[in-house]
């Protein structure tokens, strides 16, 4: 099993988007030699400028590392970068570890763990919550599934990325917990958007409204962190709408498999499909406000 030396153990990182670039930067700042790969090399430029090494394939990343992290877009991306012909698993040696931090399918996490074990490699699923703010400030909540010893081994590194790190159970448990997280966020975001629409139509000062209600029972992370962005018409992504639709689809599929009726989640998914259909798939999840406002004949950014 890998023995972690914080600041010394060579690491790999696959995926340098909104979240991944910030997260990898924390490990790099801690002194770890890091080899990175991203489909678009330009996105990795800040990390390369800070001392990271570029690899042409995920396989090359893992060959240079003892622990390889990944955070990409969709389950098919996870499958490609970890299990593909040039995927990270092919480049691993016995005793190495894969840590997938993508929000993905629980069944895929289980499949990856089994494939890794067959090669003497450890694998954990460790999706995160906290958005771009959490990634930048290293305050993410990290939901971990996998073998207990493997989780204990990688924990010193996870502590460089987040504040709340909880081992949820065997492979796939981290992904199931992330689905709980996304279900909570989805319906809460509807409430945030509807509440701000109500306040706007009633002629209230939106900033004052948030100041009053945000500290009571109505308060939430989304209201406190995304509410001000909505008021400022800043819909830049902390987390892309298109990725959130993916997550809600996974959660609904798992709910169906478990014979669960989750009508609130289904409604949220349909509303987010509308957001994407209106051309906002690459905006942040709080751009739900644009679609919700449109239902009431309000052009939010021209109010």
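The values are calculated or read from the model by the stated rules, or taken from the named source; none is laboratory data. This is a predicted model, so every value here is computed, not measured. Please note: Cβ atoms are built from the backbone with ideal geometry, for glycine as well, and neighbour counts cover all protein chains shown.
Please give the helices (runs of 4 or more DSSP H) falling wholly within segment 1-110 in which 1 or more residues are more than 29 Å from residue 254 (Cβ to Cβ), free of Cβ contacts under 8 Å to residues at least 40 places away in the same chain and touching a strand residue (DSSP E or B) at 6+ places or on another chain (Cβ under 9 Å).
Values: elements: 20-29, 45-49, 58-63, 75-78, 88-91.
Correct list: 20-29, 45-49, 58-63, 88-91.
Being in contact (Cβ under 8 Å) with a residue 60 or more places away in the chain, within 16 Å of residue 21 (Cα to Cα) and in a helix (DSSP H, G or I) is the filter here, so list the residues in segment 129-149 that pass it.
131, 132, 133, 135, 136
If residue 181 satisfies every condition in (1) touching a helix residue (DSSP H, G or I) at 6+ places or on another chain (Cβ under 7 Å); (2) within 30 Å of residue 156 (Cα to Cα) but one, which is the exception?
Condition not satisfied by residue 181: (1).
Restricting to segment 239-258, count the residues that are closer than 12 Å to residue 179 by Cβ and part of a loop (DSSP other than H, G, I, E, B).
Of the residues in segment 239-258, 1 are closer than 12 Å to residue 179 by Cβ and part of a loop (DSSP other than H, G, I, E, B).
Would you confirm, using the coordinates I've provided, whether residue 287 is within 19 Å of the chain's Cα centre (by Cα), without any contact (Cβ under 8 Å) to a residue 60 or more places away in the chain, buried (at least 19 other Cβ atoms within 10 Å of the Cβ) and not assigned by TED's automatic domain parsing to the domain that holds residue 17? Step through it out loud before you land on a result.
Numbers: within 19 Å of the chain's Cα centre (by Cα): yes; without any contact (Cβ under 8 Å) to a residue 60 or more places away in the chain: yes; buried (at least 19 other Cβ atoms within 10 Å of the Cβ): yes; not assigned by TED's automatic domain parsing to the domain that holds residue 17: yes.
Yes; evaluated as a whole, the condition is true for this residue.
Just wondering, is there one or more residues in segment 150-171 that are modelled with pLDDT of 95 or more, assigned to a loop (DSSP other than H, G, I, E, B) and within 18 Å of residue 78 (Cα to Cα)?
Within segment 150-171, one or more residues are modelled with pLDDT of 95 or more, assigned to a loop (DSSP other than H, G, I, E, B) and within 18 Å of residue 78 (Cα to Cα).
From 229, 282, which residue is over 25 Å from residue 174 (Cα atoms), outside any helix (DSSP H, G or I) and in contact (Cβ under 8 Å) with a residue 40 or more places away in the chain?
282
Among the residues of segment 159-168, how many are surrounded by 15 or more Cβ atoms within 10 Å (Cβ to Cβ) and closer than 10 Å to residue 141 by Cα? Quick ask: steps written out before the conclusion?
Just the residues of segment 159-168 that are surrounded by 15 or more Cβ atoms within 10 Å (Cβ to Cβ), to begin with: 160-162, 165, 167-168.
So of that shortlist, the ones also closer than 10 Å to residue 141 by Cα come out as 161-162, 165.
Adding up the residues that qualify gives 3.
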